[in-house]
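> Shown below is the structure under consideration.
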Amino acid sequence: MALIGQGALILALLLAIYAAAGGLFAGLGLDRRFLASARNALWGILALVVIADAIFLYAIFTHDFSFTVVADTTSRSLPVGYMFTAWWGSQAGSLLLWVTILAAFSLLALRATRRALGELQPWLIMILALIGAFFLLLLVVPASPFVTQLAPTDGVGLNPSLQNPYMAIHPPALYLGYVGLAIPFALAMAALLAGRTDSRWLVASRRWTLAAWGFLGIGMLLGSHWAYTEVGWGGFWAWDPVENAALMPWLVATAFLHSVMVQERKGMLKVWNLCLIAGAFALSIFGTFLTRSGILSSIHAFVSTNIGWYFVFALAAVLGGAFGLSLWRLPLLKADQRIESLVSREATFLFNNLLLVGLAFAVLWGVIFPLLTEAVGSVRETVSTPFYEFFVVTFGLPLLLLMGVGPLIAWRRASLTQLRRSFLWPLTAGLVAGAVMIAFGLGSSWPGVAAGSVCAFVTVTILSEFVRGAAARRSIHGENWLVALLRLIGRNRRRYGGYIVHLGVILFVIGAVGSSAYETQAEGLLEPGQSLQVGSNVLTFQAIEKTRGANFTERAAVLAVTSDGKSLGTLRPAKRSYIREQTTSNEVAIRTTLTGGDLFIILDGIRGDGAVQIKAFYKPVVGLLWLAGFFFVGGVLLCVWPDEREARRILQRYTEEPLPGES
Amino acid sequence: MSDVAPATPEPPKPGFRHVRLAIALVVASLLGTFAVYTAFADSSMPVLSVAQASTGYDGQKIRLEGKVTKTTGDAADPNGMRFILQDNEQTATMPVEYRGAVPDAYRVGRAIVIDGTYENGVFTAVPDTLVTKCPSKYQDKATTSTSSGSS
């Protein structure tokens, strides 16, 4: 079985090399017949990879511990549901998933761009086949899932932290995001190779970037929710290198999704957009490298292997290739127009881009700081949370402000009267919100007040966009408010989808700032009958309750919760001891209030005499973080959903617009 | 398409020069913020092995890496818990005092990372900074395995 799996991967690698060569021959115009052959080779790769997947999963489900990877990540007692998650519980398995997604995405991308971007197909095949060949090489040489051994009687088991429903969705969502970024990169490189640097590749890549960006965002949010409810230290983001690895390409892709509008509309920022797309993909490779190489200490790291060098090579190839091709095609990448005024929408987008890339760079700096200091001096140094928080606040607040300013400013050049008219209400709302926050005693945190004011400003801007649009439809078509609003959104999905994502960002910011800047915390050693106060809540320790689960024993501290003398029931933070795995896990107790605040309790320890160490937080508005996720998903779906009206518009533009070099 | 620029670019208008200046200023201030913060804020700390930590870092906040060899007491107890950290080369050891949250994966034999200060022969950890590194079950066993090709 292992032999067949390994054989399938080797064949797939050979086919990928063949497809890349075929793409090259077809692209150079040597023999167009290679195009169809190379495309078929991509189908062949998918088929072979699926065979490898099937063999790997079969080995997992039949407990075939002669597969080293299966023995290392599963055991006979592992629940069936988690056998599936064991697919990405190992390095080799997760790379196999990477290749599977890439093979499927490559074929989808080729199909989606066949009509509009026919001349790009050979190059697209070549680039995608090269990326595929790299990952297949990893699977064949340093990280094969089909390495065998003398089968032990039982496997080691899956890491308990991966035995969690979140782990079924969080890693695959991130993979879909990471791999998805390969498609816009391949489109960009194919456009450069073919010399077709007009906006066609850009339009085609936008939806792919949006989808990949959406998956990365959802993946990160799910990871945060898992960390918050399961890891149980009271936070949702720890600035761990691997968390940052997902954040960096997301930030750069966010910049691209904005600047793409400037290129589509004004023909500006062409080189910049290429840099962003190459940067996002390079960061996605870098992220995979961070997870795989074990070069930085992180709870996510798999293992220290020499696989890192393969990634260094891939990273150099991606960046070097993108740089070389852009340089070669520079004459075709001249801007059609220039930014005329600082008070214009294109200028706002540009500043938004600079801030996003600046933030991504700051995060990158923090991530590679230990490597840099070790290379320069003898001692490795690391940065911690305050470093990242500083940049999130200093770059994030202006970014947030631009989110509100952008929609209010016209393209090209805005007039003063227009500015005064559009800024009046949002600005008033922002100032009032700030004043109200201070009046209600929330002035203790200046970033909190600033974020609150800016959020109010942006919210009013966005909502007024909806109201103004719907009102215009009402007066023109005589529709009622609801119909006008729905049709407004339906006819301009990209724009209003974007606004909905922005509303999600606002909710996220309020949730994140509110829950951290205005959090109250208390901890204490409690004997039965003793109390601890956190915010307006009083927790009284009653007793320790012992229960037994299928594969664990649990000791919970029963705490009676009262607020202003009113009983709110009991909460049971607990410690679970997994007998077979010989590990203990904290089971936090969370009580969510109607206003979205959480009473979050950790049982830090149980003393021999029955006293318990309790740590309690009250986190106001933290629920908005998760609500933001729904806005994010809704907005992204609205933007990505196929829009025939837009497709027609684009097709019309293609027929009118001359190709570069033909004008 | 009247708003498309002619093939030969005109000399920049005064407005455009302002735009360019503003962009340059924004980039400069972003980089400036960055440089100033990294240079002056006390934002980084050294990451040291047990052997390194005991040589000249007394009283300084550091991040310590090592493997747990012996653990006693309870992190929840006011007296905290104590454990011994050992270098990977197994040459040096250091006693650590810790209070606060203990990760699920913590146990003897596990590689950990922890922040704190080393003074008078004891490493006093900052509460809640104990992090376990990758669990051993992810260790590469390639050395003890045979490849499928040869089996």
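The values are calculated or read from the model by the stated rules, or taken from the named source; none is laboratory data. Since the structure is predicted, the reported quantities are computational estimates derived from the model, not experimental observations. Counting neighbours? That spans all protein chains shown, and the Cβs are built from the backbone with ideal geometry, glycine included.
> Mind checking which strands (runs of 3 or more DSSP E) fall wholly inside the range A:574-663 and carry at least 1 residues that are of a type in the set (Phe, Trp, Tyr), closer than 30 Å to residue A:158 by Cα and at pLDDT 90 or above?
By residue number, A:598-606.
> Let me ask something additional. Looking at (1) more than 14 Å from chain B (Cβ to nearest Cβ); (2) more than 19 Å from residue A:105 (Cα to Cα); (3) buried (at least 18 other Cβ atoms within 10 Å of the Cβ); (4) not hydrophobic (A, V, I, L, M, F, W, C), can you tell me which one residue A:121 breaks?
So residue A:121 meets the others, but not (2).
> Follow-up question, since we're still on this one. What do you reckon, is residue A:303 within 30 Å of residue B:105 (Cβ to Cβ), at pLDDT below 90 and among the β-branched types (Val, Ile, Thr)?
Yes.
> Residues of the range A:518-567 being closer than 30 Å to residue A:78 by Cα and of a type in the set (Gly, Ala, Ser), which ones?
A:549, A:550, A:556, A:557
> List, please: which pairs have Cβ atoms under 6 Å, are six or more places apart or on different chains, and start with a residue in the range A:602-615 that is farther than 11 Å from residue A:555 by Cα and more than 8 Å from chain B (Cβ to nearest Cβ) and end with one that is of a type in the set (A, V, I, L, M) and surrounded by 14 or more Cβ atoms within 10 Å (Cβ to Cβ)?
A:611/A:525; A:614/A:526; A:614/A:532
> Considering A:432, A:460, which residue is away from chain B (no Cβ under 14 Å), surrounded by fewer than 15 Cβ atoms within 10 Å (Cβ to Cβ) and in a helix (DSSP H, G or I)?
A:432
> Taking into account only those residues within the range A:306-340 that are part of a loop (DSSP other than H, G, I, E, B) and over 30 Å from residue A:384 (Cα atoms), which is modelled with the highest pLDDT?
A:329
> Go through the range A:165-197 residue by residue and tally those that are in contact with a His (Cβ under 9 Å, 6 or more places away or on another chain) and surrounded by fewer than 21 Cβ atoms within 10 Å (Cβ to Cβ).
The total comes to 1.
> Within the range A:558-572, restricting attention to residues that are more than 37 Å from the chain's Cα centre (by Cα) and in a loop (DSSP other than H, G, I, E, B), which residue is nearest to residue A:543 (Cα to Cα)?
Of everything passing the filter in the range A:558-572, A:565 is nearest to residue A:543 (Cα to Cα).
> Within the range A:378-391, count every residue that is surrounded by fewer than 20 Cβ atoms within 10 Å (Cβ to Cβ) and either assigned to a strand (DSSP E or B) or more than 8 Å from chain B (Cβ to nearest Cβ) (or both).
Counting residues in the range A:378-391 that are surrounded by fewer than 20 Cβ atoms within 10 Å (Cβ to Cβ) and either assigned to a strand (DSSP E or B) or more than 8 Å from chain B (Cβ to nearest Cβ) (or both) gives 4.
> Same structure, new question: Is there a residue in the range B:94-110 that is in contact with a Leu (Cβ under 6 Å, 6 or more places away or on another chain), away from every other protein chain (no Cβ under 13 Å), more than 30 Å from residue A:8 (Cα to Cα) and modelled with pLDDT of 75 or more?
yes
> Test of understanding: among A:227, A:211, A:253, A:204, which residue is among the small types (Gly, Ala, Ser) and without any contact (Cβ under 8 Å) to a residue 12 or more places away in the chain?
A:227
> Against the condition more than 13 Å from chain B (Cβ to nearest Cβ), within 30 Å of residue B:38 (Cβ to Cβ) and either of a type in the set (A, V, I, L, M, F, W, C) or in contact with a strand residue (DSSP E or B) (Cβ under 7 Å, 6 or more places away or on another chain) (or both), how does residue A:437 come out, does it pass?
no
> If a residue must be surrounded by fewer than 24 Cβ atoms within 10 Å (Cβ to Cβ), among the β-branched types (Val, Ile, Thr) and either under 19 Å from the mean Cα position of the chain (by Cα) or assigned to a loop (DSSP other than H, G, I, E, B) (or both), how many such residues does the range A:198-228 contain?
Count: 1.
> Working only within the range A:223-240, note down all residues that are among the small types (Gly, Ala, Ser) and touching a helix residue (DSSP H, G or I) at 6+ places or on another chain (Cβ under 9 Å).
A:223, A:224, A:227, A:234, A:235, A:238
> Out of the range A:341-369, which residues are more than 15 Å from residue B:31 (Cβ to Cβ) and either within 7 Å of chain B (Cβ to nearest Cβ) or not in a helix (DSSP H, G or I) (or both)?
Residues satisfying the conditions are A:341, A:342, A:343, A:344, A:347, A:350, A:369.
> Please enumerate the residues belonging to the range A:60-107 that are charged (D, E, K, R) and surrounded by 24 or more Cβ atoms within 10 Å (Cβ to Cβ).
Selection gives A:72 alone.
> If you check every pair at least six apart or on different chains, which have Cβ atoms under 6 Å apart with a residue in the range B:91-108 that is among the acidic types (Asp, Glu) first and a residue that is in a loop (DSSP other than H, G, I, E, B) and modelled with pLDDT under 90 second?
Between residues of the range B:91-108 that are among the acidic types (Asp, Glu) and residues that are in a loop (DSSP other than H, G, I, E, B) and modelled with pLDDT under 90, the close pairs are B:97/B:80.
> Looking at the range B:16-33, is at least one residue outside any helix (DSSP H, G or I), modelled with pLDDT under 75 and at the interface with chain A (Cβ under 7 Å from one of its Cβ atoms)?
No, the conditions are met nowhere in the range B:16-33.
> Failed condition for residue A:175, given (1) within 14 Å of another protein chain (Cβ to nearest Cβ); (2) part of a helix (DSSP H, G or I), with all others met?
Of everything listed in (1) within 14 Å of another protein chain (Cβ to nearest Cβ); (2) part of a helix (DSSP H, G or I), residue A:175 misses just condition (1).
> Somewhere in the range A:518-526, is a residue crowded, with 18+ Cβ neighbours inside 10 Å and in a helix (DSSP H, G or I)?
Scanning the range A:518-526, I find no residue that is crowded, with 18+ Cβ neighbours inside 10 Å and in a helix (DSSP H, G or I), so the answer is no.
> Also, quick follow-up: Identify, by number, the condition in (1) out of contact with any Leu (no Cβ under 7 Å at 6 or more places or on another chain); (2) surrounded by fewer than 19 Cβ atoms within 10 Å (Cβ to Cβ) that residue A:531 doesn't meet.
Result: residue A:531 fails condition (1) only.
> Taking the range A:394-418 as the search range and keeping residues that are more than 11 Å from chain B (Cβ to nearest Cβ) and over 25 Å from residue A:264 (Cβ atoms), which one is modelled with the lowest pLDDT?
Restricting to residues being more than 11 Å from chain B (Cβ to nearest Cβ) and over 25 Å from residue A:264 (Cβ atoms), the top hit is A:416.
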